[in-house]
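Let me begin by presenting the structure, written as structure tokens, before commenting on it.
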Amino acid sequence: MKTLKLHTGLLPVLAFFVFFPQVIAQQEYVLLVGKTPDGEKVTANLVRHDNRIFGFFDYPAKRSVPFLLGGTAGENNQLKLTERDSENPLFTGFLNSENTLEGFIYLDGKQIPIRLDRTGDKESVENQVFATTIIKPLNGEPGSPVAVFEAVIVLPKTANASRNEKIKTLIYKEFFKSTPELSPADLLKNMEQDFIKFYSHSNEGIRVADNYQYMNWEKRKRMSVLHNARGILVLHLSDYAYTGGTGGLDMQRFLVVDKETGNKLSLNDVMLPGKMQLLNALIRDEICRSLNIPYSDDLLSHGFFSNTTEPASNFYFSDSGLCFHYNVYEIANAATGPVSVCLPYHSIRGLASQKYLPDVVMQEN
């Protein structure tokens, strides 16, 4: 998902205006499912915050790792969604009032028509969205540097109130280091105030004329849903910050929740005893395959910090399989960047608990 980087100097004009924070409750989350004319399944988990749309397209026939997309809804709900760090659209089309998504996916030089409909899957979880955005000038002068803060919280909305509260507690703890006593609006307000205070304090006394390009700060903490099927809810947090310097830092985190219990699932819950060493080997092989590294090469020569791999605690389920995400600097240097790999479900049959494998995989001979 492409995020506007303020430190590039694209927003100095905004400082001439006065911006006020806006907290909007129960914005929209939609789960849509459909097929291409060739019968290839596509799933979209999308969050709408004002005119901004972001979330995931899961298209296993084309890529094992889901596409993280973002964009805006224009006139007549026309959408243009791009993948992170790309200027080229991956999807263009319309999201109509019945929450039907119609348009085209652009991959491998092809334009693929697609229609996705809102699903009534009983194994999925309804969610509600809370969000805030503020643009705050550093001072009252024309052309002042600005700080942008945006936060989006996604909370479950099931018929079981105690389970909702249990999952809310997990989200607050894992993603926001907070306690569930706060309402979503209060949590958003606290995060916003803390960031603006930090911005003002850190830039106090610094000459704006000499340091302008480093004084446009940005903080975006966006929750979304990556997977919502088979009684499993995968929540995602994109945490981007630019606080001066040559570039920002973008961290991705995942939280896997069992819908029936409201409990967080760990990798130990998913894997059978004694299977971690085999899992390590599969992950290493998939890293080599996805990055075009010869299997016999030492990973140290390709920017990794070790020639062996271990499963990331940052894991999730997708329509393709069991996936692992390593943020930048966790297993490799900045030049290699973040690493994401997905192991097809059939490859972990016999390694993972049957409970977390699709029925179609268990029925294979």
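For (1) in contact (Cβ under 8 Å) with a residue 40 or more places away in the chain; (2) in the same structural domain as residue 252 (by TED's automatic domain parsing); (3) closer than 30 Å to residue 176 by Cα, each residue gets a yes or a no:
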{"position": "52", "(1), (2), (3)": "no, no, yes"}
{"position": "62", "(1), (2), (3)": "yes, no, no"}
{"position": "82", "(1), (2), (3)": "yes, no, yes"}
{"position": "112", "(1), (2), (3)": "yes, no, no"}
{"position": "128", "(1), (2), (3)": "yes, yes, yes"}
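When the range 153-175 is filtered for residues that are among the hydrophobic types (A, V, I, L, M, F, W, C) and touching a helix residue (DSSP H, G or I) at 6+ places or on another chain (Cβ under 9 Å), the ones remaining, listed by number, are 153, 154, 155. For the range 236-292, a residue qualifies if it is part of a helix (DSSP H, G or I) and closer than 16 Å to residue 65 by Cβ, and the qualifying residues are 282, 283, 285, 286, 287, 288, 289, 290. Within the range 281-310, the set of residues being crowded, with 18+ Cβ neighbours inside 10 Å and in contact (Cβ under 8 Å) with a residue 40 or more places away in the chain comprises 282, 283, 286, 287. Here residue 320 fulfils each of the conditions (1) within 24 Å of residue 250 (Cα to Cα); (2) in contact (Cβ under 8 Å) with a residue 60 or more places away in the chain; (3) not aromatic (Phe, Trp, Tyr) apart from (1). Residues in the range 205-215: is at least one among the acidic types (Asp, Glu), surrounded by fewer than 20 Cβ atoms within 10 Å (Cβ to Cβ), out of contact with any helix residue (DSSP H, G or I) (no Cβ under 9 Å at 6 or more places or on another chain) and more than 23 Å from residue 171 (Cα to Cα)? Among the residues of the range 205-215, at least one is among the acidic types (Asp, Glu), surrounded by fewer than 20 Cβ atoms within 10 Å (Cβ to Cβ), out of contact with any helix residue (DSSP H, G or I) (no Cβ under 9 Å at 6 or more places or on another chain) and more than 23 Å from residue 171 (Cα to Cα), which makes the answer yes. Can you confirm whether the range 155-173 contains a residue that is surrounded by fewer than 21 Cβ atoms within 10 Å (Cβ to Cβ), in contact (Cβ under 8 Å) with a residue 24 or more places away in the chain and of a type in the set (Phe, Trp, Tyr)? No, every residue in the range 155-173 fails to be surrounded by fewer than 21 Cβ atoms within 10 Å (Cβ to Cβ), in contact (Cβ under 8 Å) with a residue 24 or more places away in the chain and of a type in the set (Phe, Trp, Tyr). With respect to residue 57, is the statement that it is more than 30 Å from residue 283 (Cβ to Cβ) and among the aromatic types (Phe, Trp, Tyr) true? No: the conditions fail for residue 57. Mind counting the residues in the range 56-85 that are assigned to a loop (DSSP other than H, G, I, E, B), touching a strand residue (DSSP E or B) at 6+ places or on another chain (Cβ under 8 Å) and more than 17 Å from residue 109 (Cα to Cα)? Here the count works out to 6.
The values are calculated or read from the model by the stated rules, or taken from the named source; none is laboratory data. Worth saying up front: this structure is predicted, and the values here are computed from it rather than measured. Every residue, glycine as well, gets a Cβ built from its backbone with ideal geometry; the counts of neighbours run over all protein chains shown.
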